[in-house]
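Below is one structure, written out as C-alpha cells, with a few remarks after it.
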Amino acid sequence: MENIADQSSESYDERIIREYRDGFPKKGDRLFVETASAAYLDPLGTSDPSHPEDRPLFGRRQLYSDGYLLAADRLVESYAGMPPEDILIYPVLYLYRHHLELELKLLITKWLNWLSGFDEAVIRKRVKNLAEKHNLTDLWNSFQNAYPECNEVFDERTRHAFQTLLFELNDHDPEGQSGRYETDSKGMQTLTKLHSIDLPTLKSRTHKISQYLSRIDVEIGLETDRREEIAYWRREASSW
C-alpha cells in the first residue's frame, strides 16, 4: 500500500496517471464484501446467518418496496437543481413507480391469501400471474373490483384525488419502462408528454399515494382479524 509520503511526492501528472490507472478493475477486486458496516439483506433478522437459503419470504416484498421508496427520497433530497443532475429524474421516476407497483401487488396478494376464499391452487396461480402485470391502473381496478370495500375507507373526494394521481403516473409510464429506457417495447420514445418535473412535488405526491394504499392495507388486516374472530366464535358455539 502506498503511504502518504509517497503520494505527497508525486507530481501533478503522476497523480493524474495514478488516479486514472486506479479507476480500472484490478485483480482481486470483488463487488460483494462483508464488513462490520455492511448493509444486511435480512434486516428483519428472521433467518439464521449461517443458513441464508432458509430465509423466510414473509415480509421481503415489503422490504423491497420500502427500499425503492427510500432510495428515491434520498436522490430527491440530494438534488441541488444543477443541470447535470437532471438525469436523476430517470432513476427517481423508476424507483417511485416501482414502489407503488409493489404496494398494489402486495394489497392484491394479501386479499387473495386472507379474504378471497379461493383454494390454495387458485391463489398460487393468481399470485404468479401478478409478476406479468405492470399497469398501475389495471392493478388498481382489479383490486377494487375484487375488494370493493376498499372504497369505503375514504370519502369520495379523497378517493378521486388518489385515483387522479395514480392514473396520471400511469399515463406517463403505463408499463414501468419510462424510467428505465428511452423507448418502450414498441420502439416509441418515452416521457414525450413531459418537459420538466419538480422532484419535491413528485416525492410529496408519491408519498400521498403510498399512504393511501397503506391505509387500505391496515383495513385488510382488520377485516381479516374480524373474520377470524367470527369464525372462532362460530366454532365455539357449535361445540356447546
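Using a 1.4 angstrom probe and counting only protein chains, how large is the accessible area of Ser238 in Å², to 10? Surface open to solvent at Ser238 totals about 90 Å². Ordered by 1.4 Å accessible area with all protein chains kept, His160, His99, His207 run largest first as His160, His207, His99.
Keeping every protein chain in place, order Lys27, Lys105, Lys128, Lys186 by accessible area at 1.4 Å, biggest value first, i.e. largest first. It would help to have the intermediate numbers written out before the result.
Working: Lys27 210, Lys105 10, Lys128 155, Lys186 175 Å².
Result of the area sort, largest leading: Lys27, Lys186, Lys128, Lys105.
Any idea what the alpha-carbon Rg over 2.2 N^0.38 Å comes to for the chain? Mind showing how you got there, number by number?
Details: Rg = 24.2 Å, N = 240, 2.2 N^0.38 = 17.7 Å.
Taking the Cα Rg and dividing by 2.2 N^0.38 Å, one obtains 1.37.
Within the full protein context, the accessible area of Arg74 is estimated at about 150 Å² for a probe radius of 1.4 Å. When every Cα-Cα distance of the range 159-238 is counted in 10 angstrom steps from zero, the calculated P(r) takes the values 14, 31, 22, 15, 11, 6, 1 percent. Indicate the gyration tensor shape class of the range 1-91 (rounded, prolate or oblate), computed on the Cα atoms with a ≥ b ≥ c the square roots of the eigenvalues: a/c under 1.5 is rounded; otherwise a/b larger than b/c is prolate and the rest oblate. Since a/c reaches 1.5 but b/c is at least a/b, the shape of the range 1-91 is classed as oblate. Rg and Dmax, both from the Cα atoms of the range 96-135 and both in Å, are 10.6, 33.
At a 1.4 Å probe radius, which order do Trp233, Trp111, Trp140, Trp240 fall into by accessible area, largest first? Before the final figure, lay out the partial values.
On the way: Trp233 130, Trp111 30, Trp140 0, Trp240 215 Å².
Largest accessible area first, the residues go Trp240, Trp233, Trp111, Trp140.
Rounded to the nearest 10 square angstrom, Thr158 shows an accessible area of 50 square angstrom against a 1.4 Å probe.
3J(HN,Hα) couplings calculated from phi for the range 149-154 with the Karplus curve 6.51 cos²θ - 1.76 cosθ + 1.60 (θ = phi - 60°) are, in sequence order, 4, 5, 7, 8, 6, 10 Hz; Gly and Pro show x. Along the range 68-76 the Karplus relation, 6.51 cos²θ - 1.76 cosθ + 1.60 evaluated at θ = phi - 60°, assigns HN-Hα couplings of 5, 5, 5, 4, 5, 4, 4, 5, 5 Hz to successive residues, with x for each Gly and Pro. Sequence-ordered 3J(HN,Hα) estimates for the range 184-194 from the Karplus curve with 6.51, -1.76 and 1.60 and θ = phi - 60° stand at 8, 5, 9, x, 8, 4, 9, 6, 6, 8, 10 Hz, glycine and proline given as x.
The values are calculated or read from the model by the stated rules, or taken from the named source; none is laboratory data. These figures come from a predicted structure and were not determined experimentally. When the accessible area is computed, the model is the full protein with side chains, heavy atoms only, and any ligands, DNA or RNA have been set aside. Shrake-Rupley method; radii C 1.70, N 1.55, O 1.52, S 1.80 Å.
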